[in-house]
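Structure, as structure tokens:
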Amino acid sequence: MIRKAVILARGLGTRMQREAEGVQLDETTRAWANRGMKAMIPVAGRPFVDYVVENCIRAGFTQICFVVAPDNNVLREHYAAHTESLNPVTIHFANQLEPKGTADAVYAAKEFVGEESFVMLNCDNLYPVSDLIALREVEEGANALPGYDREQLIAKSNIPPDRIARFAVVDVDAQWNLKRIVEKPDNPEDYAVNGKVLVSMNIFRFTPDIFTACERIEPHPVRGEYELPSAVQYLIDHRLAPFKVIPSQEGVLDLTGKADIASVRQLLEGMKIAW
């Protein structure tokens with residue numbers, strides 16, 4: 001099974017910087033939030049991102065790479081202090097020079113990945129260990145993503161239903177091959193499978209073919225960014241490698257804005273980090 005995980009941590013955190021009505025934060029939490037440093041929001045005495053790393057370790061990953069801005073020394077210093085306790089797990093860093101989109105962020109990890117398959121995830125989401133394991137267990141040579149049952153995602157996550165309703169959905173064929181990721185569909189039910197709408201939560205297993213796709217796509221015509229769904233579609237359209245969808249009944253914790261902090265803390269109460 002694959003051993004490498006790439007965690008995207010280059011985002012500017014603009015939504016975290018916005019004020020949220022009625023949300024009271026302690027001085028330390030507010031300072032990190034106002035800097036847009038979602039990864040460092042404290043949860044039970046540890047930065048939120050430590051829980052993301054912990055779940056990766058529990059799933060069996062031994063090499064973890066953060067994609068960061070060149071001047072982001074916060075995460076570097078934080079994990080340098082944990083080198084011994086994390087052993088044999090190693091933490092690496094890749095620089096995304098400019099915030100030019102998620103596909104560009106993935107491409108920044110090309111040297112770290114080399115010729116191996118890997119899993120990519122966000123630093124501001126906590127994904128279930130079971131889904132991380134399922135991605136590791138996909139047959140070699142295939143790309144994959146979990147398709148989250150929308151109703152279960154609402155029930156088991158801290159994400160409001162109105163936000164989930166705007167999330168991208170996955171369009172699959174009868175053999176559970178991904179046809180496309182549909183961004184903000186007008187009618188998500190058009191893509192339901194056995195009556196279930198499957199949501200993409202921006203976690204993927206990729207073969208190194210993704211780097212070819214990232215090189216060849218064009219930037220979004222409005223946003224001007226190189227976006228991961230475009231690279232995924234390039235993989236599918238050009239048949240560079242199979243792309244499977246793994247149905248999931250699990251939930252995902254989300255730390256997008258200040259209003260999410262309290263619910264994340266409540267749901268992670270009692271979770272222990274082993275390093």
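Taking the stretch 153-195 on its own, how many of its residues are in a helix (DSSP H, G or I) and surrounded by 16 or more Cβ atoms within 10 Å (Cβ to Cβ)?
6
For the stretch 215-250: of the residues being in contact with a strand residue (DSSP E or B) (Cβ under 8 Å, 6 or more places away or on another chain) and assigned to a loop (DSSP other than H, G, I, E, B), which is nearest to Ser157 (Cα to Cα)?
If we take residues in the stretch 215-250 being in contact with a strand residue (DSSP E or B) (Cβ under 8 Å, 6 or more places away or on another chain) and assigned to a loop (DSSP other than H, G, I, E, B), then Glu250 is nearest to Ser157 (Cα to Cα).
For the stretch 101-117, which positions are part of a loop (DSSP other than H, G, I, E, B) and buried (at least 18 other Cβ atoms within 10 Å of the Cβ)?
Correct list: Gly101, Ala108, Ala109, Ser117.
When only residues in the stretch 215-238 that are among the charged types (D, E, K, R) and under 17 Å from Gln96 (Cβ atoms) count, which is nearest to the chain's Cα centre (by Cα)?
Here the answer is Glu227.
Criterion first (in a helix (DSSP H, G or I), among the hydrophobic types (A, V, I, L, M, F, W, C) and touching a residue at least 12 places away in the same chain (Cβ under 8 Å)) does Leu145 satisfy it?
In short, no.
Within the stretch 129-141, is there a residue that is part of a strand (DSSP E or B) and under 16 Å from Ile7 (Cα atoms)?
The answer is no, given that none of the residues of the stretch 129-141 is part of a strand (DSSP E or B) and under 16 Å from Ile7 (Cα atoms).
If you check Ser248, Ser230, which single one turns out to be among the polar types (S, T, N, Q) and over 23 Å from Glu140 (Cβ atoms)?
Ser230 is the lone residue from the list that is among the polar types (S, T, N, Q) and over 23 Å from Glu140 (Cβ atoms).
Would you check which residues across the stretch 62-71 are surrounded by fewer than 21 Cβ atoms within 10 Å (Cβ to Cβ) and either out of contact with any His (no Cβ under 9 Å at 6 or more places or on another chain) or among the charged types (D, E, K, R) (or both) and list them?
Answer for the stretch 62-71, where residues must be surrounded by fewer than 21 Cβ atoms within 10 Å (Cβ to Cβ) and either out of contact with any His (no Cβ under 9 Å at 6 or more places or on another chain) or among the charged types (D, E, K, R) (or both): Thr62, Ala69, Pro70, Asp71.
Considering only the stretch 251-275, how many residues are in a helix (DSSP H, G or I) and within 20 Å of the chain's Cα centre (by Cα)?
Counting residues in the stretch 251-275 that are in a helix (DSSP H, G or I) and within 20 Å of the chain's Cα centre (by Cα) gives 8.
Could you count how many residues in the stretch 1-47 are assigned to a helix (DSSP H, G or I), surrounded by 16 or more Cβ atoms within 10 Å (Cβ to Cβ) and of a type in the set (Val, Ile, Thr)?
1
For Ile91, work out the one condition from (1) of a type in the set (A, V, I, L, M); (2) within 27 Å of Gln233 (Cβ to Cβ); (3) outside any helix (DSSP H, G or I) it doesn't fulfil.
Ile91 satisfies all of (1) of a type in the set (A, V, I, L, M); (2) within 27 Å of Gln233 (Cβ to Cβ); (3) outside any helix (DSSP H, G or I) except (2).
Going by the conditions given, is His82 within 24 Å of Ile133 (Cβ to Cβ), in contact with a strand residue (DSSP E or B) (Cβ under 7 Å, 6 or more places away or on another chain) and either of a type outside the set (A, V, I, L, M, F, W, C) or crowded, with 16+ Cβ neighbours inside 10 Å (or both)?
No; evaluated as a whole, the condition is false for this residue.
May I ask you to say which residue of Arg35, Arg58 is of a type in the set (Lys, Arg), modelled with pLDDT of 95 or more and more than 18 Å from Asn202 (Cα to Cα)?
Arg58
Under 9 Å by Cβ, and 6 or more places apart or on different chains, what pairs join a residue from the stretch 46-69 that is farther than 16 Å from Ala80 by Cα with one that is part of a helix (DSSP H, G or I) and acidic (Asp, Glu)?
Qualifying pairs under 9 Å: Ala59/Asp131.
Is there any pair with a first residue in the stretch 18-32 that is under 14 Å from Pro47 (Cα atoms) and a second that is of a type outside the set (Lys, Arg) and at pLDDT 95 or above whose Cβ atoms are under 7 Å apart and which are 6 or more apart or on different chains, and what are they?
Note: pairs meeting the criteria are Thr28/Pro42; Thr29/Ile41; Thr29/Pro42; Thr29/Ile261; Trp32/Met40; Trp32/Ile41.
The values are calculated or read from the model by the stated rules, or taken from the named source; none is laboratory data. In this text the structure is predicted, and so the values were computed from the model without any measurement. When we count neighbours, we look across all protein chains shown, and the Cβ atoms used for this are built from the backbone with ideal geometry, even at glycine.
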